[in-house]
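Novice: Starting off with a structure, shown below.
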Amino acid sequence: MNASIDNGSTVHSSPVGTAIRRAVGRVFYRVVSGVLVILVAATLTFFALHLTPGDPITAILGGPTANPTPQAIAAAIHEYGLDQPLSHQYYIYMRRIVSGDLGQSFSQHMPVIDVMRTQSLPTLELTLFAMTIAWFLAVISTCLTAGVARSGTVMSVVETIWAGLPPFWLGLILLSVLSFKVHLLPPAGSDNFAAIILPALAMAIPLAGFMAKIARESFLVALQQPFILSARMRGASEWRVRTRHALRHAIVPCVNLSTWAFGAMIGNAVAIEMIFSRKGIGRELFLAVSYHDMPLTAGIVMFIALFYVLASVVADAVVQIVDPRSNGVAS
């Protein structure tokens, strides 16, 4: 009897059981917090659009150039429930969202889900490509110059300048120099790979500056750890010490930063897609807010919130893989 109890307690207190419970707890926490983030984003969008000046009926009935009759205006107000109290409008709005019905776009007269289906891919391509460039620049800068006195100081200054550049301003500079003067890359479009390079660089360079600054500090701390000395004593080359051992610890803060960066990049896509005349949800969000298009604005905001949550989950999983301290594995 006692043996069975001891065996059971041993199973439940084993490292594997503890790791499983922690993993389940993290997943549950991410799911619950993700749902709350999306609902809060939807609520803030609803009240923000009601507080901003503008008339959704104008968009519904054909835009600023339309000249609807008073009867058409009254019918549209009643059809979309805009004559109801604000609390009732909010209830209907949230009920539709919870049921998965994002409604019809006021300005485009088509389901919101169809608009996002056609416009989300260009923005995701731009964001992921920019993130890849940022990671590449940050990792190369950190591995080559961290701990090297002269080059490390120069790159630290360069990274600080990069981090302070506004993406929209950098986009205008790149457009002016590389497109209009040098004619190296196309100034606009979404239909080929060359057209994505300039907007991706405009978004990636400031992020690379932030990531490289953070990674450099972690990298320098890692180089002072005992496991680095142990690796050198085993005969590992300096490049292997930096890339295999120190870098693994240095990139953990950058992985966590990537969650924030993903949401920030989609936010920056609003200006970048307008500057480079690209398709995407950033450009659609700007137009939806301009037309007071409540369903489309809410749908895009929730789309951004959803991918922010998914990025958090992916970042958490990556940290568990690359950080030896998260799972008890030594470097």
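Novice: Would you confirm whether any residue within the stretch 163-186 is under 30 Å from Arg240 (Cβ atoms) and out of contact with any Cys (no Cβ under 7 Å at 6 or more places or on another chain)? Full working, then the answer.
Specialist: Initial filter on the stretch 163-186 (under 30 Å from Arg240 (Cβ atoms)): 163.
Going one step further and asking which of them are out of contact with any Cys (no Cβ under 7 Å at 6 or more places or on another chain), we end up with 163.
Checked the stretch 163-186: at least one residue is under 30 Å from Arg240 (Cβ atoms) and out of contact with any Cys (no Cβ under 7 Å at 6 or more places or on another chain).
Novice: Whether any residue in the stretch 237-247 is modelled with pLDDT of 80 or more and within 26 Å of the chain's Cα centre (by Cα) is what I want to check.
Specialist: So the first thing to find is which residues in the stretch 237-247 are modelled with pLDDT of 80 or more, and the list is none.
Scanning the stretch 237-247 turns up no residue that is modelled with pLDDT of 80 or more and within 26 Å of the chain's Cα centre (by Cα).
Novice: If we keep just the residues of the stretch 210-220 that are buried (at least 22 other Cβ atoms within 10 Å of the Cβ) and small (Gly, Ala, Ser), which is nearest to Val270 (Cα to Cα)?
Specialist: The qualifying residue nearest to Val270 (Cα to Cα) is Ala212.
Novice: Which of the following residues is in a loop (DSSP other than H, G, I, E, B) and at pLDDT 80 or above: Leu82, Leu102? Before you say what the answer is, go through the steps one by one.
Specialist: On the way: Leu82 fails: at pLDDT 80 or above.
One residue alone meets the criteria, Leu102.
Novice: Please go through the stretch 154-185 and give me each residue that is out of contact with any Leu (no Cβ under 8 Å at 6 or more places or on another chain) and not in a helix (DSSP H, G or I), ordered by number.
Specialist: Gly164, Leu165, Pro166, Val182, His183
Novice: In the stretch 159-206, how many residues are of a type in the set (Phe, Trp, Tyr) and touching a Pro at 6+ places or on another chain (Cβ under 8 Å)? Before the answer, list the steps.
Specialist: The first filter runs over the stretch 159-206 and keeps only residues of a type in the set (Phe, Trp, Tyr), leaving 162, 168-169, 180, 193.
Add one more test, that the residue is touching a Pro at 6+ places or on another chain (Cβ under 8 Å), and what stays is 162, 180.
Result for the stretch 159-206: 2.
Novice: Filter the stretch 186-205 down to the residues that are in a loop (DSSP other than H, G, I, E, B) and free of Cβ contacts under 8 Å to residues at least 40 places away in the same chain, then identify the one that is surrounded by the most Cβ atoms within 10 Å (Cβ to Cβ).
Specialist: Ranking the candidates gives Pro186 first.
Novice: I need every pair where a residue in the stretch 35-55 that is farther than 27 Å from Ala311 by Cα has its Cβ under 6 Å from the Cβ of a residue that is at pLDDT below 85, sequence separation at least 6 or different chains.
Specialist: From residues that are farther than 27 Å from Ala311 by Cα, the pairs are Gly54/His292.
Novice: Now a separate question. Taking the stretch 263-302, which residues are aromatic (Phe, Trp, Tyr) and surrounded by fewer than 24 Cβ atoms within 10 Å (Cβ to Cβ)?
Specialist: Of everything in the stretch 263-302, those that are aromatic (Phe, Trp, Tyr) and surrounded by fewer than 24 Cβ atoms within 10 Å (Cβ to Cβ) turn out to be Phe286, Tyr291.
Novice: Please state which of the following conditions Phe227 fails to meet, knowing it meets all the rest: (1) closer than 22 Å to Ala269 by Cβ; (2) in contact (Cβ under 8 Å) with a residue 24 or more places away in the chain.
Specialist: (1)
Novice: Also, quick follow-up: Please verify whether the stretch 29-36 includes one or more residues that are at pLDDT below 75, assigned to a helix (DSSP H, G or I) and on the phi < 0 side of the Ramachandran plot. Walk me through how you get there before you give the answer.
Specialist: Within the stretch 29-36, the first condition is being at pLDDT below 75, and the residues that meet it are 30.
Going one step further and asking which of them are assigned to a helix (DSSP H, G or I), we end up with 30.
Right, trim to on the phi < 0 side of the Ramachandran plot and you get 30.
For the stretch 29-36, residues at pLDDT below 75, assigned to a helix (DSSP H, G or I) and on the phi < 0 side of the Ramachandran plot: present.
The values are calculated or read from the model by the stated rules, or taken from the named source; none is laboratory data. Model, not experiment: these values are computed from the prediction. Neighbour counts are summed over all protein chains in view; Cβ atoms, including those assigned to glycine, are modelled from backbone coordinates with ideal geometry.
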